[in-house]
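Peer 1: Please see the structure below; I have some questions.
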Amino acid sequence: MPDGGHLRVVVLISGGGSNLQALMDQQTKGLPIEIVAVISNRPDAYGLERARRQGIPTEVLDHRRYDSREPYEADLQGLIDRYRPGLVVLAGFMRILTPRLVGHYLGRMLNIHPSLLPKFRGLHTHQRALDAGEREHGASVHFVTAELDGGPVIIQARLPIRSGEDAASLAARVLTQEHIIYPRAVGWFAQGRLRLGDDGLPWLDGAPLLSPVVIEASSAGERREV
Ligand code: GAR
């Protein structure tokens, strides 16, 4: 691994960048990564400001300037690869990626999704979980494959839904858990403990993960790993 054993990471964002912030904080605390660039498809993404404050190079590639997905993605791939990342981290990057781009980064692109996958792929996950009468909800980190939000799940944070809770409250509680599980998965990858196996499963510490690692957050807020 180049750069003194630190994994080169490019982070893609579209918005607030709180997951980016969690990764930057853990990098400061010794996670063996170097975030070499933050790329946003939206010029006004607050995450860009977070990255600048940390002295991390930022790039904006505005999808609205393109007529179709393919030329946008060709430029996006060129931009990402200029930074020679060992891992690409989607942190609230709200663009659907084509199989071609995903294939280029297969096994070295992670995403976080605010649901207990395979439940609630796509948007508005918190409201949909409430509407479905779910008793628990959470977030998942997965390898990105051509299937939208369908790649093999590495780690999940689960929390019980409180009675009378609204989507905003639930989203905020899930986000707090995202900030725990995403750096953990990225750390495993950076340490060489995590990879995507030829069998399509995530492998952790030399064995296939037949089900995701789960972090339970009780309604009282404390955590327990199972
Ligand atoms: C997070 O909740 C993340 O799980 C979600 O966007 C939010 C980004 O927050 N991602 C998706 O919905 C992807 N399908 P952040 O910008 O504060 O990290």
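What follows draws every value from the coordinates through simple rules; no lab data is involved. Bear in mind that the values here come from a model prediction, so they are computed numbers and not experimental data. Glycine gets a Cβ as well: all are built from the backbone with ideal geometry, and neighbour counts include every protein chain shown.
Peer 1: Given charges of +1 on the Cβ of Lys and Arg and -1 on the Cβ of Asp and Glu, with all other atoms neutral, how large is the dipole of the range 1-116 about its Cα centre, in debye to the nearest 20?
Peer 2: Here the size comes out at about 120 debye.
Peer 1: Something else about it: Taking the Cα atoms only, what angle lies between the long axis of helix 18-28 and the longest principal axis of the chain, rounded to 10 degrees?
Peer 2: 70 degrees
Peer 1: Length gain on complete extension for the stretch Ala168 to Asp131, per 0.36 nm per residue less the alpha carbon to alpha carbon distance?
Peer 2: Between Ala168 and Asp131, full extension yields 12.0 nm more.
Peer 1: If the label point is 7 Å along Cα→Cβ of Arg193, which residues in the range 138-160 have backbone nitrogen under 13 Å from it?
Peer 2: Zone members listed by number: 155.
Peer 1: Pop the C-beta distance of Arg121 and His63 into the FRET formula with R0 = 25 Å and round what comes out to the nearest 0.05.
Peer 2: E(calc), rounded to 0.05, equals 0.75.
Peer 1: Separate question: Find the relative contact order for the chain and round it to a whole percent, using C-alpha pairs within less than 8 Å whose residues are 6+ positions apart.
Peer 2: Result for the chain is 17 percent.
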